[in-house]
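*Asks:* One structure coming up, written as structure tokens, with questions to follow.
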Amino acid sequence: MAAYLDREQAGFEQVPAEDNPPAPPELTALAHAHGVDTCYDAGAGPVQVGARTLTAVLAALGIDAGTPELAAEALERHRTESARRLLPPTVVAWQGRRTALDLPAGAEVRIELEQGGEPWELTVEHAHWLPEDLPPGRHVLAVRADGRAARAALVVAPPRIPEPRGRSWGFLAQLYSVLSERSWGMGDLADLAELAQWAGAELGAGFLQINPLHAGMPGAPSDPSPYRPSSRRFADPVHLRIEAVPEYARHEEARELAHRARLLREEVLEHDALIDRDSVWSLKRRALELLHTVPRGVGREAAYRAFVRREGEWLERYAVWNALAEAHGGGWHSWPKGLRHPANPQVAAAKAELKDRIEFHRWLAWLVDEQLHAAQRAATDAGMPIGLIHDLAVGVHPDGADAWALQDVLAAGISTGAPPDAFNAHGQDWGLPPWRPDALAEAGYAPFAALIASAARHAGAIRIDHVMGLFRLWWVPEGALPTQGTYVRYDAEAMLAVLALEAHRAGTAVIGEDLGTVEPGVRERLADHGVLGTSVLWFERDWQADGAVLPPEHWRPGCLATLTTHDLPSTAARLTGEHVELRHRLGLLARPLAEEQDAAAAELADWQRELVRIGLLAEGEPATPEALYAYLLATPAKLVGVWLPDTVGDPRPQNLPGTWDQYPNWRLPVADATGTPRTLDALATAPGTAGIAATLAPLNTPPDLPPPGHADRRTPPGAAV
């Protein structure tokens with residue numbers, strides 16, 4: 001057999017990009033059958049995906065296609081198995097819509113409801129439609145026909161996700177960067193509650209969107225990026241306010257550590273130090289280990305046990321992984337072989353040995369959950385109709401807790417990323433293992449449902465990073481260049497149904513980060529289900545009119561409109577051209593400095609003319625943050641987001657893509673135009689804060705809305721908006 005992939009070779013190492021020959025017909029057909037794209041277009045015309053890439057991606061889906069003969073056998077096997085199946089692994093139904101089942105006449109159908117109770121019994125005569133009035137939930141569909149039996153997950157979802165009532169504005173903040181005079185060297189959950197209380201009660205803000213608070217990888221130096229976490233299911237205890245733990249008052253040594261925390265805070269606020277997450281966690285961990293020895297009262301003990309029961313196996317695996325990581329290091333792929341899978345008997349033995357540390361990590365997860373709840377309650381009590389918007393990263397670190405606990409539904413040897421495009425000719429590799437679409441379907445999408453439920457639990461809305469990943473993701477085989485990847489398709493109908501169901505249960509809105517390359521039809525389909533998009537002013541152009549500035553009345557209403565994001569230049573930098581100078585100093589420009597400066601100046605001039613045209617600036621007057629935010633106000637956008645550092649003129653981005661150690665990504669406190677760090681209290685009194693808040697005051701929560709926390713504070717699913 002003529003192999004087009006040497007399966008003895010470990011991946012793509014030292015294989016030149018051109019040594020990825022065209023795929024034969026058998027391999028192409030097999031790839032299509034499993035939702036693997038065999039060509040893509042990133043803006044420069046169609047590109048055929050090579051045989052090595054397709055074979056490696058199919059291998060990650062459990063399919064050996066290393067030769068044309070094996071590919072043909074696998075394709076025939078797939079067709080035979082598909083023809084024999086009575087049901088797909090997961091069936092999706094939308095409330096109020098008829099859902100067809102392709103079953104033989106005389107089939108017996110039984111629906112076992114998630115809520116329990118009497119199952120629904122149906123008999124198929126010729127064709128069958130599922131009832132339109134099934135209750136929302138993740139049910140079980142059981143079928144008998146022609147001597148065969150099958151069971152499948154049945155996801156019944158409301159057709160639309162809850163949306164915010166009316167329009168509102170709010171802050172976009174990186175929590176770690178917002179320090180108060182009480183922080184232990186970085187912003188924490190008590191600072192979050194205070195920021196929300198101030199913004200809601202004093203300024204009339206309707207929401208506060210923050211960076212992902214996911215649990216980070218252990219060890220030092222740690223990766224400060226919140227977008228490459230150990231776990232997306234649980235938040236990081238580094239965000240805890242130690243003094244807010246009730247047991248703190250009963251432990252003198254723990255109270256003494258607060259004095260050492262003052263030094264960490266002063267280093268950042270008074271001596272221009274970067275935020276040192278590792279030092280903060282070292283001190284907090286010592287305090288928490290002391291507090292864990294303090295007996296809990298019966299009420300708190302009962303609350304803790306209820307949390308453990310609610311979180312179940314997910315919490316158990318997360319705590320076990322953390323305890324094992326303390327003993328064997330953070331990279332589970334190099335642990336003793338018997339510990340590399342949570343179902344192994346060696347893991348059960350290790351759990352007995354490490355029970356005290358496992359209990360400690362369960363307790364930490366509970367403390368964080370308590371303080372997250374308190375922060376959202378503070379936001380709604382302050383009058384915010386939405387409150388906190390939590391950010392859900394697109395994936396997890398391959399060596400982290402989720403990758404270990406969920407390895408049966410994640411693709412081994414694969415990283416997500418992005419194809420080469422006009423902005424990055426080399427493509428991108430994010431180093432995050434993707435969901436296996438086949439394994440998700442077989443699991444009834446339970447892991448995805450649990451993830452969404454967790455993200456929404458203490459939120460008025462969730463933001464989904466790279467929301468296009470509900471439809472397809474760029475898979476890069478291990479050892480390959482990002483240009484040697486391909487798109488893998490997901491069952492978007494099922495992903496959207498699970499998202500809608502869990503958002504409905506939590507009463508949360510959903511915002512999708514849909515910037516960059518978006519496949520035609522994706523934004524429209526998301527909007528059909530009530531998912532808001534993300535619109536950044538500088539990117540809003542009318543590409544059917546030679547890229548002219550998009551007038552405010554032509555913006556889409558279903559979006560969060562902003563001037564920037566954590567990956568983009570601040571408004572102050574845009575208005576001065578500092579963002580070009582910064583990239584020049586770091587050697588990141590693709591063109592000569594003068595050309596980049598001219599392009600930035602032309603872009604700014606376009607927006608200045610538009611601001612003058614609609615009466616927000618006088619002729620010859622320079623653009624200001626207030627004028628730009630007034631422009632967002634003039635659009636029909638449902639939500640308007642204010643980048644918190646804009647209130648004090650901070651010119652620095654929090655993250656500069658394309659850099660690693662050349663720039664202090666994710667470690668900068670909010671600072672003013674001179675680079676002087678500003679505390680949360682100082683932000684509250686800054687003139688820029690008052691100016692922007694006054695500009696957006698027309699969006700303040702109207703008095704006729706239901707009171708915060710009321711069950712009807714958002715539009716019911718399926719209601720007209």
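The values are calculated or read from the model by the stated rules, or taken from the named source; none is laboratory data. As the structure is a prediction and not an experimental result, all values here were calculated from the model. Positions of Cβ are generated from backbone atoms using ideal geometry, with glycine treated the same way; all protein chains shown enter the neighbour counts. Surface accessibility is based on the protein's heavy atoms, side chains included, excluding ligands, DNA and RNA. Shrake-Rupley method; radii C 1.70, N 1.55, O 1.52, S 1.80 Å.
*Asks:* All but one of (1) open to solvent by 40 Å² or more (accessible area, probe 1.4 Å); (2) farther than 18 Å from R144 by Cβ; (3) of a type in the set (V, I, T) hold for T123; state the number of the condition that does not hold.
*Replies:* Looking at each condition in turn, T123 falls short on (2).
*Asks:* Only one of R357, R362 is part of a helix (DSSP H, G or I) and under 27 Å from A446 (Cα atoms). Can you tell me which? Write out each step before concluding.
*Replies:* Working: R357 fails: under 27 Å from A446 (Cα atoms).
Answer to the check: R362.
*Asks:* Have a look at G530, G615 and point out the one that is open to solvent by 40 Å² or more (accessible area, probe 1.4 Å), part of a loop (DSSP other than H, G, I, E, B) and out of contact with any Phe, Trp or Tyr (no Cβ under 6 Å at 6 or more places or on another chain).
*Replies:* Selected residue: G615, the only one of G530, G615 that is open to solvent by 40 Å² or more (accessible area, probe 1.4 Å), part of a loop (DSSP other than H, G, I, E, B) and out of contact with any Phe, Trp or Tyr (no Cβ under 6 Å at 6 or more places or on another chain).
*Asks:* Taking the criterion of being assigned to a loop (DSSP other than H, G, I, E, B) and open to solvent by 30 Å² or more (accessible area, probe 1.4 Å), would at least one residue in segment 231-249 satisfy it?
*Replies:* Scanning segment 231-249 turns up no residue that is assigned to a loop (DSSP other than H, G, I, E, B) and open to solvent by 30 Å² or more (accessible area, probe 1.4 Å).
*Asks:* Mind listing whichever residues of segment 387-445 are of a type outside the set (G, A, S), assigned to a strand (DSSP E or B) and under 18 Å from D465 (Cβ atoms)?
*Replies:* Listed by number, the residues that qualify are L388, I389, H390, D391, L392, L410, T416, Q428, D429, W435.
*Asks:* Hey, another quick one. What is the number of the single condition among (1) within 29 Å of G170 (Cβ to Cβ); (2) part of a helix (DSSP H, G or I) that L257 does not meet?
*Replies:* With respect to (1) within 29 Å of G170 (Cβ to Cβ); (2) part of a helix (DSSP H, G or I), L257 is out only on (1).
*Asks:* Within segment 58-93, can you find the residues that are among the β-branched types (V, I, T), touching a helix residue (DSSP H, G or I) at 6+ places or on another chain (Cβ under 6 Å) and more than 17 Å from D491 (Cα to Cα)? Let's see the steps before the verdict.
*Replies:* Of segment 58-93, the ones among the β-branched types (V, I, T) are 63, 67, 80, 90-92.
In the following step, the residues that additionally are touching a helix residue (DSSP H, G or I) at 6+ places or on another chain (Cβ under 6 Å) were identified as 63, 90, 92.
The answer is I63, and nothing else.
*Asks:* Looking at (1) among the hydrophobic types (A, V, I, L, M, F, W, C); (2) touching a Gly at 6+ places or on another chain (Cβ under 8 Å); (3) not in a loop (DSSP other than H, G, I, E, B), can you tell me which one A459 breaks?
*Replies:* In the conditions (1) among the hydrophobic types (A, V, I, L, M, F, W, C); (2) touching a Gly at 6+ places or on another chain (Cβ under 8 Å); (3) not in a loop (DSSP other than H, G, I, E, B), A459 misses (3) alone.
*Asks:* For segment 454-494, name all the residues that are closer than 17 Å to A411 by Cα and within 18 Å of the chain's Cα centre (by Cα).
*Replies:* Within segment 454-494, G469, L470, F471, R472, L473, W474, W475, Y490 meet the criteria.
*Asks:* Kindly list, by first and then second residue, each pair from a residue in segment 342-362 that is touching a residue at least 12 places away in the same chain (Cβ under 8 Å) to a residue that is open to solvent by 20 Å² or more (accessible area, probe 1.4 Å) and among the β-branched types (V, I, T), limited to pairs with Cβ atoms under 8 Å and residues at least 6 apart or on different chains.
*Replies:* Taking only residues 6 or more apart or on different chains, the pairs are R362/V308.
*Asks:* Considering every residue within segment 175-187, establish whether at least one is open to solvent by 10 Å² or more (accessible area, probe 1.4 Å), within 17 Å of V368 (Cβ to Cβ) and over 22 Å from the mean Cα position of the chain (by Cα).
*Replies:* no
*Asks:* A further question on this structure: May I ask you to list pairs of residues, at least six apart or on different chains, whose Cβ atoms are under 7 Å apart, with the first in segment 320-336 being in contact (Cβ under 8 Å) with a residue 60 or more places away in the chain and closer than 10 Å to V347 by Cβ and the second being among the hydroxyl-bearing types (S, T, Y) and open to solvent by 10 Å² or more (accessible area, probe 1.4 Å)?
*Replies:* none
*Asks:* Turning to a different aspect of this structure: Could you tell me which residue of segment 205-230 is nearest to T565 (Cα to Cα), considering only residues that are open to solvent by less than 10 Å² (accessible area, probe 1.4 Å) and either among the acidic types (D, E) or more than 14 Å from the chain's Cα centre (by Cα) (or both)?
*Replies:* L208
*Asks:* Got a sec? Which of T517, T483 is open to solvent by 10 Å² or more (accessible area, probe 1.4 Å), at pLDDT below 95 and in a helix (DSSP H, G or I)?
*Replies:* The conditions single out T483.
*Asks:* So which residues in segment 550-601 are more than 18 Å from T624 (Cα to Cα), assigned to a helix (DSSP H, G or I) and of a type in the set (A, V, I, L, M), if there are any at all?
*Replies:* V580, L582, L593, A594, A599
*Asks:* In addition: Going through segment 637-672 one residue at a time, which ones are modelled with pLDDT of 95 or more and more than 25 Å from the chain's Cα centre (by Cα)?
*Replies:* Selection gives T647, V648, G649, D650, P651, A671, D672.
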